[in-house]
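We did not get these values from a lab; they are worked out from the coordinates using the rules stated. Owing to the predicted nature of the structure, the values given are computational and were not obtained by experimental measurement. A quick note on method: Cβ atoms are made from the backbone with ideal geometry, for glycine too, and the neighbour counts reach across all protein chains shown.
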C-alpha cells in the first residue's frame, strides 16, 4: 500500500507530496498524519503540494478535512507550493479550505510558523 512519508522537525510534521494523489493515497495520508500528530505531539503540519499540477474536489476536501482534524488535535496546518492552476481550480470548485494557512514555499511556510502560529 502506498504511503507518503511524514518527517518530524521539532514540533512540526513535514509532508512533501511528490506523486500524483489518488483518493486512497489521500485517505492513507490523512490517517497517518492524524496518528503522527498525536504520537509526536506535533503543533504544526506543513504540507508541500508544489509537485501537484491538478487537485480535484476530493483531494481539495481531504486537505481541508485534514487541516480541520489537525486543528482539533491542537496543530496548525500550512500548505505550501500551491501552483496557480491548483488555486484557480480550488476557487472554481468553491473549496475555501477554512483553517488552512498558505505560503509560497517551504521556507516561507516555516517562517509563518515561527512568526505567527503558536508552536
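Gain on full extension, evaluated as 0.36 nm per residue between residue 9 and residue 93 minus their Cα-Cα distance, stands at 26.9 nm.
How much of the DSSP bridge set in the chain is antiparallel, in percent, rounded to the nearest 5? Please report the intermediate quantities before stating the final value.
Details: 4 of 18 bridges.
Just about 20 percent of them are antiparallel.
Converting the Cα gyration tensor eigenvalues of segment 74-118 into ellipsoid dimensions via √(5λ) gives semi-axes, longest first, of 21, 13, 6 Å.
Sorted from fewest to most neighbouring beta carbons within 10 Å, what does the list 37, 88 look like?
Details: 37 23, 88 10.
Fewest-to-most Cβ neighbours within 10 Å comes out as 88, 37.
What is the Cα radius of gyration of segment 1-89 over 2.2 N^0.38 Å, N being its residue count?
Working: Rg = 12.2 Å, N = 89, 2.2 N^0.38 = 12.1 Å.
Relative to the rule-of-thumb radius for its length, segment 1-89 sits at 1.00.
Distance between the 7 Å Cα→Cβ label points at residue 23 and residue 105: 3.6 nm. Using C-alpha pairs under 8 Å with a sequence gap of at least 6, the mean separation divided by the residue count of segment 6-115 gives a relative contact order of 27 percent.
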